[in-house]
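The values are calculated or read from the model by the stated rules, or taken from the named source; none is laboratory data. Note that the structure is a prediction, hence the values are computed from the model and not measured. Neighbour counts are summed over all protein chains in view; Cβ atoms, including those assigned to glycine, are modelled from backbone coordinates with ideal geometry.
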């Protein structure tokens, strides 16, 4: 017979249920305590329940009422940690991520992950091999005893030595506190500037077995440029394993191997030239608004070696004539370079413009007007070239405009007149960097004379002048251009922006080793360029010396005339004799000078290089390795410029943007690949000041929006600042 429980309040029955109906039993305990005020201890003694249980049922009744005791019991759903999720969690734990980071990545609760680790379904590796810098250093040193320092990828190196590997796969491992980890921030900018787009145009080792791919080598050279490692030998002072972590390698190539790969990349001069031109064409297409005005200037690199006797040229920054090479650079108005041409036999700026730069620019400058548009508007230009006084030539200006509709701008030579001060007015102009400056400017339309195809002609040009007041009066700077559409507001700033190119030369020479040699190799000239003969140069030196002696004799003779007028008659006879001797010396010097001039006129000034005497011939410096390095350096400079443009928005002093970017490139970082999500997480260490961290966050946000894939992998770069993950 079933047993029942009857509940009374005073003499009234309020409930009757079977004894085994535990849900109703618990409900009544809570009901009696809440509504009837039966003490907790009394209910516990009468029913045998613990007093804490009675209180628990009372709380349930208060919160949920009857439903809290009779609602369906919640049963456990499907397992969260299915085999796929367990595998993903274990992989993230192996990479050194914390439990909280793993739970957030996978989308599960942290206590679920804790239970799995406690049940030994997952293993937490707090000190995964190679994660910390100390672990990596120990591993690199232990590897040195077998294959070399930091050669931990043994299988790939063995396969390469056996001729069965065509480049090791780029593979990142979790690594904390990697030196120079911030240089990975430049990868999106390097990719955006096309550094890895045209590598197929360069010579490769496709027919041989090798360990390092061309992507590895080029990426390393770009990192070295950004980290101001100005020569290849400078990598000797860095830990090869740590540098390798930035490229997804066990270590970077040693100096000898890197030089061999660089020699291979530069083994085909035409291929290197085509690759460099493809890069410059890409930059022009990316910034068509900056190709309307192009800046051309020569930069002289001194050569101090003794492998060859290069011609001497004047170095304005040294005020000396030294042996060297002249590079003619083409840049935009911000100073960023597009390309350069090397001239070890310098024929002058006008010759280089006419024979090499103009044909190339006509072929690659984007956005040029069509022939119909040029015919409809006689003042419309294709583009404008800006250069210094070396290129001043009215005949060249007229030729460029008539034949190609290319405008020229430069400082005017041989200025003898001064414009009235009343003609100048204060004009606010906008410079290339965006600053607005007030200048005293004036403009006129002038006539220039020249000879074109044997006929004398006159054409119109625009002349601008800037007035600067100084201690010795006003100085007028004259600017001449064949673009008649320029106004006084936009003409002079175009000319003054040429200093951005000079700033690039100074900055790149200091930071990017623009003037250093890439090697000591020499080779014979493949062309018949004209060279000044040594015989003509010797006669010219003799003429200058003789002219100097003649000038000194004339000065002495003039001094004797002054003395005779002030002397007594007793000494005049002696001075007349000295004067006669001086006159004879002058006549003798004049005769010798005329003989030298006659010999000079009969001596050829220039001869094709192939026709020079053997003792006067010289070899040129091997140009292709330098061109490979310079193209990579130009890309690195453009990447740095792009990052600085983003950073300066958050800085109170925009001129410090480059120093902030440089500091960010040198900062350590944690590298944590996530192969499941397809991300390469780069966690940067904070910079020295919070204002710099604010600028870094602005840059990081922009970099993450690009969703750049690291070259040679399928991992998308994701950047964080420590504490912001």
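Counting the residues of the stretch 236-262 that are in contact with a strand residue (DSSP E or B) (Cβ under 6 Å, 6 or more places away or on another chain) and under 16 Å from residue 629 (Cβ atoms) gives 0.
Of all the listed residues (677, 611), the sole one being surrounded by fewer than 18 Cβ atoms within 10 Å (Cβ to Cβ) and under 30 Å from residue 309 (Cβ atoms) is 611. Scanning the stretch 682-699 for residues that are surrounded by 21 or more Cβ atoms within 10 Å (Cβ to Cβ) and farther than 16 Å from residue 170 by Cβ gives 684, 695, 696, 699.
Check 645, 639 and return the single one that is out of contact with any strand residue (DSSP E or B) (no Cβ under 8 Å at 6 or more places or on another chain), more than 30 Å from residue 557 (Cβ to Cβ), at pLDDT 95 or above and not assigned by TED's automatic domain parsing to the domain that holds residue 503.
Among 645, 639, only 639 is out of contact with any strand residue (DSSP E or B) (no Cβ under 8 Å at 6 or more places or on another chain), more than 30 Å from residue 557 (Cβ to Cβ), at pLDDT 95 or above and not assigned by TED's automatic domain parsing to the domain that holds residue 503.
Looking across the stretch 591-645, the residues that are free of Cβ contacts under 8 Å to residues at least 60 places away in the same chain and closer than 21 Å to residue 661 by Cβ come down to 644, 645.
Of all residues in the stretch 192-218, those satisfying the criterion of being surrounded by 19 or more Cβ atoms within 10 Å (Cβ to Cβ), in contact with a helix residue (DSSP H, G or I) (Cβ under 8 Å, 6 or more places away or on another chain), part of a helix (DSSP H, G or I) and touching a residue at least 60 places away in the same chain (Cβ under 8 Å) are 215, 218.
Residue check: is residue 31 part of a loop (DSSP other than H, G, I, E, B), crowded, with 17+ Cβ neighbours inside 10 Å and either assigned by TED's automatic domain parsing to the domain that holds residue 671 or more than 60 Å from the chain's Cα centre (by Cα) (or both)? Spelling it out, it is not the case that residue 31 is part of a loop (DSSP other than H, G, I, E, B), crowded, with 17+ Cβ neighbours inside 10 Å and either assigned by TED's automatic domain parsing to the domain that holds residue 671 or more than 60 Å from the chain's Cα centre (by Cα) (or both). Please indicate, with yes or no, whether at least one residue in the stretch 706-720 is in a helix (DSSP H, G or I), at pLDDT 90 or above and surrounded by fewer than 16 Cβ atoms within 10 Å (Cβ to Cβ). Among the residues of the stretch 706-720, at least one is in a helix (DSSP H, G or I), at pLDDT 90 or above and surrounded by fewer than 16 Cβ atoms within 10 Å (Cβ to Cβ), which makes the answer yes.
Residues in the stretch 342-367 that are free of Cβ contacts under 8 Å to residues at least 60 places away in the same chain and surrounded by 18 or more Cβ atoms within 10 Å (Cβ to Cβ): 343, 346, 349, 352, 353, 358.
Every residue, every condition in (1) part of a helix (DSSP H, G or I); (2) without any contact (Cβ under 8 Å) to a residue 12 or more places away in the chain, yes or no:
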position	(1), (2)
506	yes, yes
510	yes, yes
513	no, no
517	no, no
525	no, no
537	yes, yes
541	yes, yes
546	yes, no
549	yes, no
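Whether a residue is assigned by TED's automatic domain parsing to the domain that holds residue 316, in contact with a helix residue (DSSP H, G or I) (Cβ under 8 Å, 6 or more places away or on another chain), more than 21 Å from residue 334 (Cβ to Cβ) and not in a helix (DSSP H, G or I) was assessed, and residue 456 does not pass this test.
Just one of the listed residues (658, 691) is over 20 Å from the mean Cα position of the chain (by Cα), more than 19 Å from residue 711 (Cβ to Cβ) and in a helix (DSSP H, G or I), and it is 691. Checking the stated criteria, residue 313 turns out to be outside any helix (DSSP H, G or I) and modelled with pLDDT under 90. Checking each residue in the stretch 9-28 for being assigned to a helix (DSSP H, G or I) and either free of Cβ contacts under 8 Å to residues at least 40 places away in the same chain or surrounded by fewer than 16 Cβ atoms within 10 Å (Cβ to Cβ) (or both) picks out 22, 23, 25, 28.
Would you check if there is a residue in the stretch 223-242 being crowded, with 18+ Cβ neighbours inside 10 Å, in contact (Cβ under 8 Å) with a residue 12 or more places away in the chain and out of contact with any helix residue (DSSP H, G or I) (no Cβ under 9 Å at 6 or more places or on another chain)? The answer is no, given that none of the residues of the stretch 223-242 is crowded, with 18+ Cβ neighbours inside 10 Å, in contact (Cβ under 8 Å) with a residue 12 or more places away in the chain and out of contact with any helix residue (DSSP H, G or I) (no Cβ under 9 Å at 6 or more places or on another chain). Is it true that residue 606 is surrounded by fewer than 22 Cβ atoms within 10 Å (Cβ to Cβ), touching a strand residue (DSSP E or B) at 6+ places or on another chain (Cβ under 7 Å) and outside the structural domain of residue 223 (by TED's automatic domain parsing)? So residue 606 passes the test.
Return the only residue of 287, 299 being in the same structural domain as residue 493 (by TED's automatic domain parsing), under 25 Å from the mean Cα position of the chain (by Cα) and surrounded by fewer than 17 Cβ atoms within 10 Å (Cβ to Cβ).
Among 287, 299, only 287 is in the same structural domain as residue 493 (by TED's automatic domain parsing), under 25 Å from the mean Cα position of the chain (by Cα) and surrounded by fewer than 17 Cβ atoms within 10 Å (Cβ to Cβ).
Restricting attention to the stretch 470-501, the residues that are surrounded by 15 or more Cβ atoms within 10 Å (Cβ to Cβ) and within 19 Å of residue 434 (Cβ to Cβ) add up to 10. Please go through the stretch 383-395 and give me each residue that is over 15 Å from residue 462 (Cα atoms) and buried (at least 19 other Cβ atoms within 10 Å of the Cβ), ordered by number. Once the filter is applied, which keeps residues that are over 15 Å from residue 462 (Cα atoms) and buried (at least 19 other Cβ atoms within 10 Å of the Cβ), the stretch 383-395 yields 383, 387, 391.
Can you find, within the stretch 331-381, the residue that is farthest from residue 531 (Cα to Cα) among those that are part of a helix (DSSP H, G or I) and in contact with a helix residue (DSSP H, G or I) (Cβ under 8 Å, 6 or more places away or on another chain)?
By that ranking, first place goes to 364.
Filtered by the rule that a residue be crowded, with 21+ Cβ neighbours inside 10 Å and without any contact (Cβ under 8 Å) to a residue 40 or more places away in the chain, the stretch 646-672 gives 657, 660, 661. Checking the stated criteria, residue 579 turns out to be at pLDDT 75 or above, in contact with a helix residue (DSSP H, G or I) (Cβ under 7 Å, 6 or more places away or on another chain) and outside the structural domain of residue 628 (by TED's automatic domain parsing).
In the stretch 465-483, the condition of being more than 36 Å from the chain's Cα centre (by Cα), on the phi < 0 side of the Ramachandran plot and at pLDDT 90 or above is met by at least one residue. Scanning the stretch 403-440 for residues that are closer than 15 Å to residue 354 by Cα and exposed (fewer than 12 other Cβ atoms within 10 Å of the Cβ) yields one hit, 403.
Just one of (1) at pLDDT 95 or above; (2) touching a helix residue (DSSP H, G or I) at 6+ places or on another chain (Cβ under 7 Å) fails for residue 401. It is (2). Please determine, by comparing only the residues of the stretch 130-145 that are more than 29 Å from residue 80 (Cβ to Cβ) and in a loop (DSSP other than H, G, I, E, B), which one is modelled with the highest pLDDT. Of everything passing the filter in the stretch 130-145, 132 is modelled with the highest pLDDT. Taking residue 6 as meeting all but one of (1) part of a strand (DSSP E or B); (2) buried (at least 17 other Cβ atoms within 10 Å of the Cβ), write down the number of the exception. Residue 6 satisfies all of (1) part of a strand (DSSP E or B); (2) buried (at least 17 other Cβ atoms within 10 Å of the Cβ) except (2).
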